[in-house]
Amino acid sequence: MGFRGGFSSAERATTRPPHCLWRRSLGCAASHGFSSSSWSRGRTTSSLPHRPSGAPHLSPRCMEKATGGGESPRTGGGSTRWRGACWPARGCPRARGGRSARSSAMRRAVERGLELARAGVSRIVLELPTGYGKTYAAPLFYKALREEGLCSKAIHVMPLRALIRKQIERYASAHPDIKFAYQDGDVLLRDRYEKDPYFREEYVLTTLDSFVHNLAKVPVAEMWKFYKSERPSVRYHIPLAYIYPSCVFLDEAHMAAGSRKELAAVKAAVRFLKELGVPTVVMSATLGEWKRDVFKGFRFVSLGDRDEERGDDVKVADPEFERRMSNVTYKVGRVDNIEEVARRKAEEGKRVLVIVNDVCRVQRLSETLGAPAVHSLMTRRDRERAERELDKAQIVVGTDAIGAGVDVDFDVLITEADEVERVVQRVGRVCRNRESCVGEIYFIGEVDEKLLKVKNWRLPHKPDSYMHLLRGETEVDERHFWFLETVMKEERVDTGRLRKKLLKEGGSFVRHALLEAEVGEGPEESFTVPLDRLEQLEFEAYVGERRIEPPRSYEGGELMRWLLDAVAEHGDVPRIRVVKYREGLGAVLKKCGEGV
């Protein structure tokens, strides 16, 4: 019995079945051109299967069976016979009813993107302004692609853990017909949503770190095994089985461009998804020309003065959005005294957002201005309490944790003049949801005159916008990209060698390994801290209730060696107990001194 559900005879002859990709024992590897590799303990793929247009997915449960997560779908004689319930997937997209209703408030460029999805275009970049509705439209793209039979579930990848909590609540409220789950370390969501490290649920919101590690055969649910065993036994095929029938959304993709390592991870993931034929939608307001390399073969939807398509570029005119933005203007200037300007503007009845990069500075400003602080080194309880105040506080102080993807609206922004991509995201919190508004932007200290000359912060296709200031080419760690691309393509990997590479990279293929930092009892009184930031904290280390020696050195690989030695001696990953912490302000860093 062959494949069912739309394969032509030519496609059946030239395309390796999806289940061959990860299951050597199904009896089809030999006839599909496997080659050897130093990374593989078994046979590997010389070329990956690409799902032909219109071809159905295996259902996730069926894929899990095919990859060792349950009963094998194979019948006798070494041949492969898929049960009829698997082709097409149970709950087939076309069986769920008609097309989803279009929102009357949907913007034209989003609608054009949806038209592409409904026409079967499976790789789309939405490069649209802040506040345009890209992120909110993701479930609509999922429904459109699902209705075309291109996927049966979705994985939504976000750069920051803080974004997931707010977004999942908004999505669940707006789309009760979709079951949402999440994968990150936020325990405060567990009472309301399922934590799903294997991506089994219909629509999973996750972080870039979790997604890349699951693709690279280091499943986040079993990552601890890589610290405990020299050759860990992990079920890396299971998350892959659930990624294959998904649509993938990469949100705020520009944030990867600031790190050679992180951008290499994104590029490798995108290339692998493309070879698998997994529909991928990228969303950002600030992608530079580097997008042409990382997202090669995508259709790029952006605003323009008229509707026009040239090659991969799809320009969309949106007169209604332009009319609205024509009544939103910005005054731009410089400040030296942040507190003075923030207080004066607040006294004028304006809401003020202050964004700086240094946590110590955030804490001092929060204390002197009596404003809520938002940054990454706060307990989950304090962070949630501060985020509840974002919509009503007169002044808010924070780091970039509130600079991207958060739907809050202020009158005044006081910020450091960083990379223009960051600045644009921050400006997007000013006059965000109003038809008519005069916003004020103040840069702290020295600033590039080019930034001061930008007039159009919300219409990037206009001559006086920020577009010419975005990154052109950006550096990618090519060795890291090659490694990730290679290991993602492998059918089977030597987990011992994979472990060595993971440890060499500091415990993460994307950024840095994370440890749990405790302030009080329970996960609500904790936060996660990157391994490379431990040196900044006043802390004690524990395994169970036993106190252990802290790292002797923070140089090079010493931190990772300390972590591995602790696991080898005590059998578990150390917990960090923060010695200095101020409620509402966060962990007191060593460099902050006594000023906080």
Heavy-atom accessible area per residue, the range 327-469, 1.4 Å probe: how many Å²? 39 Å²
Sum up the charges of everything whose Cβ sits under 10 Å from the Cβ of residue 420, counting Lys and Arg as +1 and Asp and Glu as -1, but leave residue 420 out. -1
With every protein chain in place, the range 484-596: carbon and sulfur % of accessible area (1.4 Å): 43 percent
Specify the inter-centroid distance of the range 216-236 and the range 398-467, based on alpha-carbon positions, in whole Å. 42 Å
In the structure displayed, which of 179/315; 134/195; 143/331; 296/501; 134/453; 345/450 lie more than 30 Å apart, Cα to Cα? 179/315; 143/331
Quote the relative contact order of the range 414-550 in percent (integer), defining contacts as alpha-carbon pairs under 8 Å separated by 6+ residues. 12 percent
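Ignoring ligands, DNA and RNA, please state the percent of accessible area on the range 108-321 from carbon and sulfur, probe 1.4 Å. Don't skip to the answer; put the middle values down first.
Numbers: 2840 of 6190 Å².
Exposed carbon and sulfur together represent 46 percent of the surface.
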When the Cα centres of the range 290-357 and the range 200-215 are compared, how far apart do they sit, in Å? 29 Å
The range 327-469: relative contact order in percent, alpha carbon pairs under 8 Å with at least 6 residues between: 31 percent
The range 511-593 - accessible surface per residue (Å², probe 1.4 Å): 53 Å²
Starting from the eigenvalues of the Cα gyration tensor, five times each then square-rooted, give me the equivalent ellipsoid semi-axes of the range 327-469, largest first, whole Å. 24, 16, 15
State the antiparallel share, in %, of DSSP beta bridges confined to the range 108-321, rounding to the nearest 5. 10 percent
Roughly how many Å² is the accessible area per residue of the range 108-321, as a whole number, for a 1.4 Å probe? 29 Å²
In the range 327-469, what percent of the accessible surface is made up of carbon and sulfur (1.4 Å probe, ligands and nucleic acids excluded)? 44 percent
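The values are calculated or read from the model by the stated rules, or taken from the named source; none is laboratory data. Not measured: the values here are computed from a predicted model. Note: ideal-geometry Cβ built from the backbone for every residue, glycine included; neighbour counts use all protein chains shown. Surface areas here come from the heavy atoms of the whole protein model, side chains and all, with no ligands, DNA or RNA. Shrake-Rupley method; radii C 1.70, N 1.55, O 1.52, S 1.80 Å.
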